[in-house]
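Reviewing the structure listed below.
Here, each number is a calculation from the coordinates, and none is a lab measurement. Remember, it's a predicted structure, so these values are computed and weren't measured experimentally. Cβ atoms come from the backbone with ideal geometry, glycine included; neighbour counts cover every protein chain shown.
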Amino acid sequence: MQRSLYVIYGILSFYVRYSFLSTPSTAIFQFTEEARAAICPFVGTEGMRCFDGSSIKPSGRMHGSDYAKLPRGVGISVDRSTDRLMALAVQLTYPPEGTRVWTDGHTGAMFDIFNEAIIGPANRVVAAYDTARVHIFRNASQLNTAWRQTFADNRVRGGELARPPDLMEYFDSYFAHGHALALSQRVIGLYTLTINASTIQLNPFARHAVSQLTTTFDPDLYEDFVEAWETHIITRSLYDFVTDNSVKQNLRTIIRYRQRNIDLVQTEAVRQVNARLSPCISDSTCTPFWTMPWLNQGTHFTYSNANTRIFGDSSRSICALVRAGPVNADNIVVSIDSSSPGDCNRHFAIAIADGRHVHLYGMCGKYDNPNIPINLITLYDGAFQQICVTYNNQNARICVHVDLQSPHCFIRENARYNTDTGDVRIGWWSDRNRQFSATGGGMIKSVSLYDRSISQQCIRHQFEINM
């Protein structure tokens with residue numbers, strides 16, 4: 001169970017677990033003035049905040065002191081429906097002045113660090129943010145996918161992606177006019193904070209709230225509790241302090257129920273927005289059943305059991321946006337397969353053959369289709385290329401599309417596929433050879449899977465989304 005929460009001062013990166021809608025809480029869980037004085041302020045995405053969303057000026061140094069208290073930026077619960085930071089749930093205590101100190105390298109100011117946190121450099125976290133500083137969204141589905149991916153990654157980000165997007169507003173401002181939305185965000189980090197798991201304790205106010213929960217499931221009571229105290233500390237760390245299994249299960253039940261609610265709201269918003277766009281975009285036949293998380297761009301990823309629909313000799317399509325050079329000759333772009341290496345005809349993989357050809361692997365030579373020509377001068381031009389492979393099991397016809405060029409199609413004469421459902425591997429397969437290389441700028445930017453042989457219209461649509 002992970003308890004660590006990380007923060008870059010000014011730009012937060014919290015790890016959370018569940019999502020739901022919030023409404024005003026009842027009196028039993030309302031925060032008193034005593035609570036406000038004790039657990040406010042803390043660092044939010046918009047400066048020093050309190051649980052009611054109001055801004056608070058930092059208290060600064062005590063009179064005659066060289067030190068200020070480092071702002072509290074961990075141990076805070078989060079409302080995942082709005083990503084508003086709610087309340088400090090962990091007991092954080094400061095040592096005697098000057099005994100644990102962090103010095104701001106920019107200003108020289110010195111801060112006392114609270115006992116329960118470990119402070120570290122921000123370099124690696126900032127670098128992770130800056131690898132994907134600019135994002136372009138061409139429709140509501142892409143924007144909603146980006147938001148949902150932060151949830152899937154158990155993360156809340158600062159800036160524009162720190163909250164669920166108002167899809168209708170973005171539609172009116174951008175998508176309805178044929179415009180794309182570009183977001184560019186830069187992180188300037190000072191430090192990271194990590195809760196020391198061996199010293200974590202709930203503060204008295206959180207403990208009191210937990211004590212009000214009954215073993216008999218009362219939906220109103222539990223909804224009021226999560227509305228006031230919200231998610232991460234509750235659903236992960238708080239479970240260590242809840243000894244009654246009935247209470248634990250009741251919390252899980254109400255959180256999952258509320259998570260489904262917000263999912264339905266966002267899904268309906270996407271449906272309404274996409275229904276106003278062109279038929280191709282709203283046509284379900286152009287929608288993949290799985291898409292590589294847009295934040296994960298690189299050369300080596302594994303998504304366990306992500307392929308749930310391509311199996312046996314079923315029709316299929318895979319589209320990948322890739323940048324390759326000569327170093328990636330014969331290297332895997334994407335593979336769907338069983339977990340057993342060398343398991344003949346239980347895999348389906350696309351690989352770069354050379355600048356003018358691709359390989360399709362079924363694993364074991366007699367199931368492979370190597371050196372399929374493409375209608376492009378070269379894949380090695382330093383640009384991203386979209387490679388789409390379609391297979392129709394009715395006539396065993398395979399087509400390889402690169403960008404919007406005419407496809408190369410042929411009738412597959414090998415034995416029929418017997419592909420396993422299971423993992424989706426980006427840049428490698430279970431034999432662990434032919435691994436895609438980042439040398440020379442190699443990168444796999446996106447992958448989409450379809451459980452049908454998609455049309456050229458859908459391939460064009462996918463190309464417009466990607467490029």
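Could you check the simple spin-label distance between His208 and Val101, using points 7 Å along Cα→Cβ, in nm with one decimal?
Modelled inter-label distance: 3.6 nm.
For the stretch 365-371, take each phi angle, set θ = phi - 60°, evaluate the Karplus expression 6.51 cos²θ - 1.76 cosθ + 1.60, and give the result in whole Hz per residue in order, putting x for glycine and proline.
Karplus values, whole Hz, x for Gly and Pro: x, 6, 9, 8, 10, x, 6.
When Met168, Met110 are ordered from fewest to most other Cβ atoms inside 10 Å of their Cβ, what list results?
If I rank by nearby Cβ atoms, fewest first, I get Met168, Met110.
Apply the Karplus parameterisation 6.51 cos²θ - 1.76 cosθ + 1.60, with θ equal to phi minus 60°, to every residue of the stretch 321-337 and state each ³J(HN,Hα) to the nearest whole Hz, in sequence, with x for glycine and proline.
Here the 3J(HN,Hα) series is 9, 9, 10, 9, x, x, 5, 9, 4, 6, 9, 6, 8, 8, 9, 10, 6 Hz.
Just rank Trp102, Trp429, fewest to most, by other beta-carbon atoms within 10 angstrom. Don't skip to the answer; put the middle values down first.
Details: Trp102 17, Trp429 22.
Sorted ascending by nearby Cβ count, the order is Trp102, Trp429.
Can you list residues from other chains, or at least 5 along the same chain, whose modelled amide H is less than 5 Å from the amide H of Asn331?
Ile352
Tell me which residues come under 5 Å, amide H to amide H, from Met48 once H is placed; ignore anything under 5 positions away on its chain.
Those lying under 5 Å, H to H, from Met48 are Ile56.
If contacts are Cα pairs under 8 angstrom and at least 6 residues apart, what is the relative contact order of the stretch 284-466 in percent?
38 percent
Using Cβ counts within 10 Å as a stand-in for footprinting exposure, how do Leu181, Leu85 rank, fewest first? Mind showing how you got there, number by number?
Details: Leu181 19, Leu85 25.
In increasing order of surrounding Cβ atoms, one gets Leu181, Leu85.
Can you tally the net charge around Tyr380? Count Lys and Arg as +1, Asp and Glu as -1, for every other residue whose Cβ sits under 11 Å from the Cβ of Tyr380.
0
What are the ³J(HN,Hα) values, in whole Hz, obtained from phi via the Karplus relation 6.51 cos²θ - 1.76 cosθ + 1.60 with θ = phi - 60°, for each residue of the stretch 32-37 in sequence order, with x given for Gly and Pro?
8, 5, 4, 5, 4, 5
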